[in-house]
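Only one structure is covered here, and it is reproduced in the block below.
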Amino acid sequence: LWITLPVYVPYVFAFGTRARLARALELDDDHGLGGYIEGFDEWEEVLVDQRDRLLIEELSAIHEEHHAEPLTVGVVYGAQHMIAVVHVMSARFGYVPRAARWVTVFDI
């Protein structure tokens, strides 16, 4: 690895276009690795559950501060995170999803 690194990094910077890098990406990151990789469950807790809680706390604070006025709030998060957000905001404040605008940030 250390031998190829000095050649690989400049190659990626010179020729690593978005399209070329995107070919190697996967859209589905759910590989069921929880029991196979040490520390995966903790990693998932931080990347998914804790981020969802932080987002929900922030949206709840916005609701508490501005609930009496019309307000549009944009949330830039992955679609999988919105499942928890919709459930909690519906239960806490009676929100009902009416519309959404999905924007693809990175298209393969």
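Quick note: the coordinates plus some simple rules give every number you see, no bench work behind them. The model shown is predicted, which means the values in this text are computed figures rather than measured ones. Note: ideal-geometry Cβ built from the backbone for every residue, glycine included; neighbour counts use all protein chains shown.
For the reader, a short list of remarks on this structure follows.
- Net length available on complete extension from residue 62 to residue 41 is 4.5 nm, with 0.36 nm assigned per residue and the Cα-Cα distance removed.
- Taking 0.36 nm per residue of separation and subtracting the Cα-Cα distance, full extension of the segment from residue 48 to residue 102 would add 17.5 nm.
- Applying the Kirkwood pairwise sum to the alpha-carbon positions of the range 47-108 produces a hydrodynamic radius of 12.8 angstrom.
- Chain lengthening between residue 95 and residue 20 when straightened (0.36 nm per residue, less Cα-Cα): 22.9 nm
- Looking at the range 44-108, the trypsin sites (Lys or Arg not before Pro) that sit in a DSSP loop and have at most 13 other Cβ atoms within 10 Å of their own Cβ are 98, 101.
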